[in-house]
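The values are calculated or read from the model by the stated rules, or taken from the named source; none is laboratory data. Everything quoted here is computed from the prediction, not taken from an experiment. In this analysis, Cβ positions are derived from the backbone assuming ideal geometry, glycine residues included, and neighbour counts consider all displayed protein chains.
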Amino acid sequence: MEEENTERIPTGITGLDEMLNGGIPKGHVFTVLGTFGTGKTTFALQYLWEGIQRDEKCIFISLEEGKEEIVKTGRSYGWDFQPYLDSNQIVVEKLSPADAKATINRLKSDLPRFIEDFGADRIVIDSVSLLNMLSDEPREKRERLFELCQMVKKVKATTLLTAEVKDENHRSSRDGLVEYTVDGVILLMYNQLDSQEVQLSIQVIKMRRIEHSRKIKPYDITDDGLVVHLEGAIF
Ligand SMILES: Nc1ncnc2c1ncn2[C@@H]1O[C@H](COP(=O)(O)OP(=O)(O)OP(=O)(O)O)[C@@H](O)[C@H]1O
Ligand SMILES: [Mg+2]
C-alpha cells in the first residue's frame, strides 16, 4: 500500500492498535460510532490520555461534560488530567446547548482560531451531534461538517468525533453523514447474547490509506478503560 509508512497515532487501547497496525494515521479525522453506554467517551478520554503520555497537546470539546466531569471520569479509570489541565497541555471546552447562538459563534470563529494557535496534536469532539445545532438544513450541516474536517486537517491534528448510531440499524450514524466525510470509522457494538448476557464488540469499518483488520472483536470496559480481546471470538 502506498502510505503504509504513514506516521501512526496510537489510540492507547490494547488490541485496537494492533488491529490498526500501530494506530490512526496522523492527521486523520475518525469517528467512533456506537449506541449509548458503549464507551465512546471512555474511548475518547483514553485516546487523549495516550496523547498526554506522549507529550502531545490535546483538546476536548464536549456538549455535556466540563473540566470537572472530565477529571472525575478520567480518575475513575486512573487517568488524572488535572495536572495537565493546569499546565495547559490539555484544554477542555464545554459548549452549552442551552445557548445555541453563542455556541454557533464559538464553533464558527473562536474555535478554529484557537485550535490553530494552540497547535493541538489530538482533538476530540464528543459528540458530532453538536454540529446538528448549527443548522436544521441537511446541506448546511454537511458543509459545516466538511468545514470542520478541513479545519482540523489544516492544523494536522488527529481528530476523533464520537457519534451516536441510529436506533434501527446499529451501523450508521444518526444523520448518516459523518461516516462518509471522515477518514476512518470504528464501530462499537452492543450485542444481546441472551436474556442474561451482553457482549460488547468492536470493528474497524474503514481507515483510509492503511491496511487494517476488519474482524469483529470483543472488548470490555475495565478500570483501565477499553480492552480489546484479539484472541476472542464473537458469538
Ligand atoms: N470502571 C469501570 N469499569 C467497568 N465498566 C465501566 C467503568 N466505568 C464505566 N463503565 C461502563 O462504561 C459505560 C460508560 O461508558 P461511556 O460513558 O464511555 O459511554 P458512551 O458511549 O460515551 O455513552 P453515552 O452515549 O451515554 O455518552 C458505563 O455505562 C459503564 O457500563
Ligand atoms: Mg459519552
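More than 14 Å from the chain's Cα centre (by Cα), away from ligand 2 (no atom under 16 Å from the Cβ), of a type outside the set (Val, Ile, Thr) and assigned to a strand (DSSP E or B), is that true of Asn105?
The answer is no for Asn105.
Would you say Glu68 is charged (D, E, K, R) and under 14 Å from the mean Cα position of the chain (by Cα)? Let's see the steps before the verdict.
Values: charged (D, E, K, R): yes; under 14 Å from the mean Cα position of the chain (by Cα): no.
Against the criterion (charged (D, E, K, R) and under 14 Å from the mean Cα position of the chain (by Cα)), Glu68 does not qualify.
Which one of the conditions (1) at pLDDT below 95; (2) in contact with a Gly (Cβ under 7 Å, 6 or more places away or on another chain) does Gly37 fail to meet, given that it meets all the rest?
Gly37 satisfies every listed condition except (2).
Quick check on my filter: what residues within the range 20-48 are away from ligand 2 (no atom under 16 Å from the Cβ) and more than 21 Å from Met189 (Cα to Cα)?
Matches in the range 20-48: Asn21, Gly22, Pro25, Lys26, Gly27, His28.
Results for (1) small (Gly, Ala, Ser); (2) more than 25 Å from Ser62 (Cβ to Cβ); (3) part of a helix (DSSP H, G or I), shown as yes or no for each residue.
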{"position": "Asn132", "(1), (2), (3)": "no, no, yes"}
{"position": "Arg144", "(1), (2), (3)": "no, no, yes"}
{"position": "Glu164", "(1), (2), (3)": "no, no, no"}
{"position": "Asp167", "(1), (2), (3)": "no, no, no"}
{"position": "His170", "(1), (2), (3)": "no, no, no"}
{"position": "Asn191", "(1), (2), (3)": "no, yes, no"}
{"position": "Ser213", "(1), (2), (3)": "yes, yes, no"}
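Out of Lys206, Lys153, I need the residue that is closer than 28 Å to Glu231 by Cα, of a type in the set (Lys, Arg), away from ligand 1 (no atom under 16 Å from the Cβ) and in contact with a strand residue (DSSP E or B) (Cβ under 9 Å, 6 or more places away or on another chain). Which one?
Details: Lys153 fails: closer than 28 Å to Glu231 by Cα.
Sole residue among the options that is closer than 28 Å to Glu231 by Cα, of a type in the set (Lys, Arg), away from ligand 1 (no atom under 16 Å from the Cβ) and in contact with a strand residue (DSSP E or B) (Cβ under 9 Å, 6 or more places away or on another chain): Lys206.
Out of everything in the range 108-130 that is part of a helix (DSSP H, G or I) and within 16 Å of ligand 2 (Cβ to nearest atom), what residue ends up being modelled with the highest pLDDT? Break it down stepwise before answering.
Residues of the range 108-130 that are part of a helix (DSSP H, G or I), as a first pass: 108-118, 128-130.
With the extra rule that they be within 16 Å of ligand 2 (Cβ to nearest atom), the set shrinks to 128-130.
Values: Val128: 88, Ser129: 79, Leu130: 74.
Filtering the range 108-130 for residues that are part of a helix (DSSP H, G or I) and within 16 Å of ligand 2 (Cβ to nearest atom), the one modelled with the highest pLDDT comes out as Val128.
Considering the range 189-209 alone, what residues qualify as being under 15 Å from Leu20 (Cα atoms) and at pLDDT 95 or above?
Just the residues of the range 189-209 that are under 15 Å from Leu20 (Cα atoms), to begin with: 202-209.
Selection gives Ile202, Gln203, Val204, Ile205, Lys206, Met207, Arg208.
In the set Asp55, Asp17, which member is within 19 Å of Ile210 (Cβ to Cβ), surrounded by fewer than 21 Cβ atoms within 10 Å (Cβ to Cβ), more than 16 Å from ligand 2 (Cβ to nearest atom) and of a type outside the set (S, T, N, Q)?
None of the others qualify; the one that does is Asp17.
Restricting attention to the range 68-92, which residues are within 16 Å of ligand 2 (Cβ to nearest atom), surrounded by fewer than 20 Cβ atoms within 10 Å (Cβ to Cβ) and not β-branched (Val, Ile, Thr)?
Glu68, Glu69, Lys72, Ser76, Tyr77
Looking at Leu193, Leu177, Leu226, Leu187, which is the one that is of a type in the set (A, V, I, L, M, F, W, C), touching a residue at least 24 places away in the same chain (Cβ under 8 Å) and surrounded by fewer than 19 Cβ atoms within 10 Å (Cβ to Cβ)?
Working: Leu177 fails: surrounded by fewer than 19 Cβ atoms within 10 Å (Cβ to Cβ); Leu226 fails: surrounded by fewer than 19 Cβ atoms within 10 Å (Cβ to Cβ); Leu187 fails: surrounded by fewer than 19 Cβ atoms within 10 Å (Cβ to Cβ).
Only one candidate passes the filter, namely Leu193.
Residue check, Gln150 against (1) over 25 Å from Thr35 (Cβ atoms); (2) touching an Asp or Glu at 6+ places or on another chain (Cβ under 6 Å), all met but one. Which one?
All conditions pass for Gln150, except number (2).
Return the only residue of Ile186, Ile216 being within 16 Å of ligand 2 (Cβ to nearest atom) and either modelled with pLDDT of 95 or more or under 15 Å from Thr11 (Cβ atoms) (or both). So that I can check it myself, show each step before the final result.
Details: Ile216 fails: within 16 Å of ligand 2 (Cβ to nearest atom).
Result: Ile186 is the single residue among Ile186, Ile216 that is within 16 Å of ligand 2 (Cβ to nearest atom) and either modelled with pLDDT of 95 or more or under 15 Å from Thr11 (Cβ atoms) (or both).
Looking at the range 50-97, which of the residues that are touching a Gly at 6+ places or on another chain (Cβ under 7 Å) and either more than 16 Å from ligand 1 (Cβ to nearest atom) or over 25 Å from Asp17 (Cβ atoms) (or both) is modelled with the lowest pLDDT? Write out each step before concluding.
Initial filter on the range 50-97 (touching a Gly at 6+ places or on another chain (Cβ under 7 Å)): 50, 57-58, 77, 80-81, 92, 94.
The next check asks that each one be either more than 16 Å from ligand 1 (Cβ to nearest atom) or over 25 Å from Asp17 (Cβ atoms) (or both); those that pass are 57-58, 94.
Numbers: Lys57: 97, Cys58: 98, Lys94: 89.
In this case the residue turns out to be Lys94.
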